[in-house]
Structure formats: structure tokens, C-alpha cells
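The values are calculated or read from the model by the stated rules, or taken from the named source; none is laboratory data. Note that the structure is predicted; figures quoted are calculated from it, not measured. Glycine also receives a Cβ, built like all others from the backbone with ideal geometry; neighbour counts cover every protein chain displayed.
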Amino acid sequence: MASNIDWRNIPAAIWRGRSGTLRPVSRPDPVRLEDLLGIDTQKAKILQNTERFLR
């Protein structure tokens, strides 16, 4: 699969399974961790895993 996405200017992409390509997303929805309600255990785990990965 060849990708023509300029990752310096495109922050995200969506996989299109039928065509086997990535579709660029130039303006993703700005969802913040605080916006996600009722999943405190999962949010704590993702934060812990991300901090561990960065270390």
C-alpha cells in the first residue's frame, strides 16, 4: 500500500478497509481525556501505560 499522506501536515488518518488505503484527516475532532465520562479505570490505565512508554 502506497501512502501519499504528508505526515508533516496531516495529524491523523483513517484506514479504509475496502480500498486498502489511508484517508487523511486534516481536522480531527478535538476530544480531550476529560470529555470521556464513566471510564475512569481505563483512563488511568492509558495514562499509566503512556507514561511508562515515554520513560
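Listed values, structure above:
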| read-out | value |
| --- | --- |
| Filter result (of a type in the set (A, V, I, L, M) and farther than 18 Å from LEU47 by Cβ) within segment 14-36 | ILE14, LEU22, VAL25 |
| Complete set of residues in segment 13-34 that are of a type in the set (Val, Ile, Thr) and in contact (Cβ under 8 Å) with a residue 12 or more places away in the chain | THR21, VAL25 |
| THR21 of a type in the set (S, T, N, Q), at pLDDT 95 or above and out of contact with any Phe, Trp or Tyr (no Cβ under 7 Å at 6 or more places or on another chain) | no |
| The chain, residues that are in a loop (DSSP other than H, G, I, E, B), β-branched (Val, Ile, Thr) and surrounded by 10 or more Cβ atoms within 10 Å (Cβ to Cβ) | ILE5, ILE10, ILE39 |
| Unique residue being of a type outside the set (Phe, Trp, Tyr), free of Cβ contacts under 8 Å to residues at least 24 places away in the same chain and out of contact with any strand residue (DSSP E or B) (no Cβ under 8 Å at 6 or more places or on another chain) when the list is ILE39, ILE10 | ILE39 |
